[in-house]
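Working notes for the structure below.
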Amino acid sequence: MSFDTDVVIIGAGIAGLATGYATSRRGLETIIIEQEAGIGQGVSSRNSEVIHAGIYYPARSLKAKLCVAGKQMLYAFCDKHQVPYSRCGKLVVATTTEEEPRLDAILAQGLANGVDDLQRLSGDEARSLEPHLKATAAILSPSSGLVDSHALMLMLGGEITLHGGAIALNTPFAGATPLDGGGFVVRTAGEAATELTTRYLVLAAGLGAQAAAARVDTYPAEKIPQRHLGKGVYFSLAGKAPFERLIYPLPIPGALGTHYRRDLGGQARFGPDLDYVDTLDYEVDPARAASFYDTIRRFWPDLPDDALVPDYAGIRPKIHGPDQSQCDFRIEGTDQHGLPGLVAMFGIESPGLTSSLAIGELTVKRLALA
C-alpha cells in the first residue's frame, strides 16, 4: 500500500530531532510531531549542555556505547555546521583520600568504555590546572565539553527541512493504530487534528514517553516502564567564574551529582541536584541553596556566602526510582514490543544530549533501515 509519509516521529526534543536527521538524510520523508509551540521545549532545553566523554556508565551498556560514539559525532557535526561549543575538559575530583578508591573505579570504568584520553592527576597536578580547586586527586577528561544545545537543535531542524522533512508544532499526538501488512495510522489532536499513514513510527517523547506508548493500539502495557520524575535545580554564581573546566564531584545515587560549569557566555552555574517529584514543577526553591553550599565548598572552599542565585530547573524522565540502580537507555524495537516498524525510547536522560546523533543512527538500525 502507499503511505502519506515514510517516518513519523513523536517529539521534537534532541532525540527526536537527531532521529529525524538520520532518517531524512537517507531520503525518507520524515514528519516530526511536537505538541509544544517550539522544538526542544522539554528535557532538551533544561539541562547542563555538557558533552560527556562516556566515563561512568557500565561497559557495553547503551549509555556507554552511544555516549562514546555520539561525542565524536557531535563534535564533527558542530564543526561542519558551525554550532558553538567548547572542548573545555572536565575534572572529576576526589576531595578526600577516602574518596580516591571510588575515583580509581571511575577511571577504570572509563578506560573499559573506550575513553582513551583520561589522565589520573594528583591533587597538586589538578591545582596546577585549576588553582582554586580543592582535591586530593582527580581524573582529567580532555574531550568533555559544552555545546549550545539550542543552536544544535535549530541546526538539526534546519537539516531535516533541507532534506525534505517537516516539523509540525502545536500538534499533540492522539494515538496510532498498526495496519495489517505493516505501517500505522497516526492521529493528531488540536486545531489541526488529522490522520496520516506512515511506514515507520518512532516515539521520542521524553517526559511523555510512557503516555505516547500507551496511545499506540496493541502496545503491550507490561513493556512500558514506570515513569519517575527526577527534578534538578541550578544556581548561578554572582561573581567571576572560578574554574575554566567542568568540575564534577563523585556521582550520587541515581545521578552524576551537583557539578560546576562555566557556560559558553562565561556564566558560572552549579547543578543539578536530584529530587524525585510527582508533578512537572520547574520552580527553584531558594532554600535548596543550603545543600549546594555544602556540596560546592567540598571542592571550592572559597565560595562566598550569599553568592548563589536561583537559576532554572529541569526534570529528567527517569525509569528508576529512589534507591534503585540507575537504568540504561531503552530504545526498543520489534524484538521488545512486537510491533514491526516502531521504535520506542524510554529514559533518555543524561547522556542523551551527547548521545543524540548516535541514538538517531541506532534507531535507524532498529527500524532495519541502515
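The values are calculated or read from the model by the stated rules, or taken from the named source; none is laboratory data. It should be emphasised that the depicted structure is a prediction, and the values quoted were computed from it without experimental measurement. Here the Cβ positions follow ideal geometry from the backbone for every residue, glycine too, while neighbour counts run over all protein chains shown. Note: areas computed on protein heavy atoms with side chains; ligands, DNA, RNA excluded. Shrake-Rupley method; radii C 1.70, N 1.55, O 1.52, S 1.80 Å.
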Using a Förster distance of 35 Å, how high is the FRET efficiency between L369 and A193, based on the Cβ-Cβ distance and rounded to 0.05?
-> 0.75
Could you calculate, for the range 45-92, the ratio of the Cα radius of gyration to the Kirkwood radius, expressed as Rg to Rh?
-> 0.99
Surface/4 estimate of mean projected area, convex hull on alpha-carbon atoms of the range 141-187, nm² = 6.4 nm²
For the chain, what is the mean residue ellipticity at 222 nm derived from helices alone (per DSSP H run of n ≥ 4: -39500 (n - 2.57); sum divided by total residues; nearest 500 deg cm²/dmol)?
-> -8500 deg cm²/dmol
What are the semi-axes of the equivalent ellipsoid of the chain, taken as the square roots of 5 times the eigenvalues of the Cα gyration tensor, listed largest first and rounded to whole Å?
-> 38, 20, 19
Using a simple charge model, +1 on the beta-carbon of Lys and Arg, -1 on the beta-carbon of Asp and Glu, nothing else, what dipole does the range 204-306 show about its Cα centre, in debye to the nearest 20?
-> 400 debye
Step through the table entries K71/K240; K80/K223; K134/K318; K223/K318; K71/K223, compare each Cα-Cα distance with 27 Å, and write down the pairs that go over it.
-> K71/K240; K80/K223; K134/K318; K71/K223
Would you please give the FRET efficiency between Y293 and S325, computed as 1/(1 + (r/R0)^6) with r the Cβ-Cβ distance and R0 = 30 Å, to the nearest 0.05?
-> 0.55
Provide Rg and Dmax in Å for the range 265-370, with only Cα atoms included in the calculation.
-> 18.9, 57
How far apart, in nm, are two points set 7 Å out from the Cα along the Cα-to-Cβ line at A59 and at R127?
-> 3.5 nm
In the chain, what percent of the accessible surface is made up of carbon and sulfur (1.4 Å probe, ligands and nucleic acids excluded)?
-> 49 percent
Which of the aspartates and glutamates could a cross-linker bridge to K365, judged by Cα under 16 Å and excluding same-chain residues fewer than eight apart?
-> D6, E332, D335
To the nearest 10 degrees, how steep is helix 100-112 against the longest Cα principal axis of the chain, on a 0 to 90 scale?
-> 40 degrees
Where the centre of each part is set by its Cα atoms, how far does the range 243-320 sit from the range 180-222, in angstrom?
-> 36 Å
Expected sort for 197-210, 31-44, 225-238 on mean C-beta neighbours within 10 Å, highest first, is 197-210, 31-44, 225-238
Taking the convex hull of the alpha-carbon atoms of the range 25-130 and averaging its shadow over every direction gives an area in square nanometres of 9.9 nm²
Return the Cα extents of the range 66-186 along principal axes one, two and three, sorted largest first, each rounded to a whole Å.
-> 63, 34, 26
Based on alpha-carbon positions alone, could you give the equivalent ellipsoid semi-axes of the range 227-281 from the gyration tensor, as √(5λ), descending, whole Å?
-> 24, 13, 7
per DSSP, antiparallel bridges as share of beta bridges in the chain, % nearest 5, sits at 70 percent
Rounded tilt (10° steps) of 289-299 against the dominant C-alpha axis of the chain | 60 degrees
Which value in nm describes the separation of the simple spin-label points at D305 and D217, placed 7 Å from the Cα toward the beta carbon?
-> 6.6 nm
Using a simple charge model, +1 on the beta-carbon of Lys and Arg, -1 on the beta-carbon of Asp and Glu, nothing else, what dipole does the chain show about its Cα centre, in debye to the nearest 20?
-> 640 debye
Hey, any idea what the orientation-averaged projected area of the convex hull of the range 85-133's Cα atoms comes to, in nm²?
-> 4.1 nm²
Along each principal axis, Cα extent of the range 178-325, largest first, Å = 66, 34, 26
In degrees, nearest 10, range 0 to 90: what is the angle between the Cα axis of helix 149-162 and the longest Cα principal axis of the chain?
-> 30 degrees
Where does the range 122-202 land on Rg(C-alpha)/(2.2 N^0.38 Å)?
-> 2.05
